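Enquirer: Structure in structure tokens, see below.
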Amino acid sequence: MGATRTGLIWGALATALCAPLLAAGFSPLLQYRQPIYIIAGFAGIAGLALLLLQPILAGNYLPDISAKRARKIHKIIGIALVLMVLAHVIGLWITSPPDVIDALLFRSPTPFSIWGVTAMWAVFATAILAALRRKLRIRLHSWRYAHMMLAVIIVIGTVVHALMIDGTMEFYTKIALCALVVVATAIRAKQLFFKS
Amino acid sequence: MRSNIITRRAILTAGSAALTVGVSGLIVPAKAQGLAPTPTMRGGSNNYRPNAPIVERIGGGGFTMTGTVRRASDGMPLAGQRIQIWAHTTEGHERDERSHGATLTDENGVFTMDMPQIVPAFGQAHGHLASENEGFETVFLRPLLDSPDQKSLTADFVLVTV
């Protein structure tokens, strides 16, 4: 693969990950928010951006990275994803406890909460399953199936959650990032389960 | 055979449904003067502060929250009813004391509060109102703005006597 093409792929990925965060940094809503609320919001955006990396790393679609290295980074990003979810939920809890309690108990008036909370539990379940995979001696096929099912729940839950929210994310970068996450996940799922 | 059963069931269902509608149709006009009470909305009481003071306006103002308060039994406008209002605005978070204020309804049961511009928070641009009055059940509302550019919001209460 040519150096130019490699550079372009990495550049495009960096843009896809950074543009939404950068655009949200210019949101007029930030001026009315306390630091902890701002951090919670950006943890959510960063989590969505990290979701894009996961199927790309799992499928090892990036140039000049060994399969082993891609797996390792996939694991590290997975841990980072759990931390982003925790920062998002804890930050929002500190900002407004009753709103987060309502969301966690699935009784929130906001229609996007149920999607976000479902995705949160799927992220936690994925982390627990990944940690216990060796101990429980889960077979590769079962592991892949369970992990992919959880990944699909996480992606759909997070994307719907993000799209329904009127928040700091800029409209077009949000749509583009969500679309990329869905497409990347679909490509990886197709590769895994519909090998031709 | 199968179609016979479905037909009989359909007739029975339709018949009983018609009977229910017919009977309730006869009952409803008898209390037509009453109004349906306003139910408390989900999340309406979030970040409520009991006994928020009565104020002329909340902060610098610029956004108008209005509405009416009426009695469920006969629809009569209620004067002197205390309505507390709070929201995430350009001047503060929902939890901040300065974001809360109360006002009283006039002789026509109308209340108006001048408050800072409501901005989207927790994913939706919304306001909170509480009707906290002796003799009536407390009701919490959480109306949404159609657009964050909106400069006013209306919320009406129909209260039930305790």
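The values are calculated or read from the model by the stated rules, or taken from the named source; none is laboratory data. Keep in mind that this is a model prediction, so the values were computed, not measured. Ideal geometry is used to build each Cβ from the backbone, glycine not excepted, and the neighbour counts take in all protein chains shown.
Enquirer: Identify, from the list B:110, B:158, B:162, the residue that is hydrophobic (A, V, I, L, M, F, W, C), more than 13 Å from chain A (Cβ to nearest Cβ), over 30 Å from residue A:88 (Cβ atoms) and crowded, with 18+ Cβ neighbours inside 10 Å. Outline the logic, then answer.
Expert: On the way: B:110 fails: crowded, with 18+ Cβ neighbours inside 10 Å; B:162 fails: crowded, with 18+ Cβ neighbours inside 10 Å.
Matching residue, one of B:110, B:158, B:162: B:158.
Enquirer: Condition first: in a helix (DSSP H, G or I), of a type in the set (A, V, I, L, M, F, W, C) and away from chain B (no Cβ under 12 Å). Now tell me which residues in the range A:15-37 satisfy that. Write out each step before concluding.
Expert: Residues of the range A:15-37 in a helix (DSSP H, G or I): A:15-24, A:28-32, A:35-37.
Next, from what is left, pick out any that are of a type in the set (A, V, I, L, M, F, W, C): A:16-19, A:21-24, A:29-30, A:36.
Answer for the range A:15-37, where residues must be in a helix (DSSP H, G or I), of a type in the set (A, V, I, L, M, F, W, C) and away from chain B (no Cβ under 12 Å): A:16, A:17, A:18, A:19, A:21, A:22, A:23, A:24.
Enquirer: Residues in the range A:142-196 that are away from every other protein chain (no Cβ under 14 Å), in a helix (DSSP H, G or I) and among the hydroxyl-bearing types (Ser, Thr, Tyr): how many?
Expert: 5
Enquirer: Also, quick follow-up: Out of B:67, B:80, B:127, report the one residue that is modelled with pLDDT of 95 or more and within 14 Å of chain A (Cβ to nearest Cβ). Spell out the reasoning first.
Expert: Details: B:67 fails: within 14 Å of chain A (Cβ to nearest Cβ); B:80 fails: within 14 Å of chain A (Cβ to nearest Cβ).
So the residue among B:67, B:80, B:127 that is modelled with pLDDT of 95 or more and within 14 Å of chain A (Cβ to nearest Cβ) is B:127.
Enquirer: Now a separate question. Out of all the residues in the range A:52-102, which are assigned to a loop (DSSP other than H, G, I, E, B) and within 27 Å of residue A:10 (Cα to Cα)? Steps first, answer last, please.
Expert: Kept after step one, since they are assigned to a loop (DSSP other than H, G, I, E, B), are these residues of the range A:52-102: A:59-66, A:96.
Residues satisfying the conditions are A:59, A:60, A:61, A:62, A:63, A:64, A:65, A:66.
Enquirer: Of (1) within 14 Å of chain A (Cβ to nearest Cβ); (2) in contact with an Asp or Glu (Cβ under 7 Å, 6 or more places away or on another chain); (3) not basic (Lys, Arg), residue B:62 satisfies all except one. Which?
Expert: That leaves (2) as the condition not met.
Enquirer: Just checking, which of A:90, A:101, A:77, A:94 is within 20 Å of the chain's Cα centre (by Cα) and farther than 18 Å from residue A:153 by Cβ? If you could, list the steps in order and put the result at the bottom.
Expert: Working: A:101 fails: within 20 Å of the chain's Cα centre (by Cα); A:77 fails: farther than 18 Å from residue A:153 by Cβ; A:94 fails: within 20 Å of the chain's Cα centre (by Cα).
That would be A:90, the only listed residue that is within 20 Å of the chain's Cα centre (by Cα) and farther than 18 Å from residue A:153 by Cβ.
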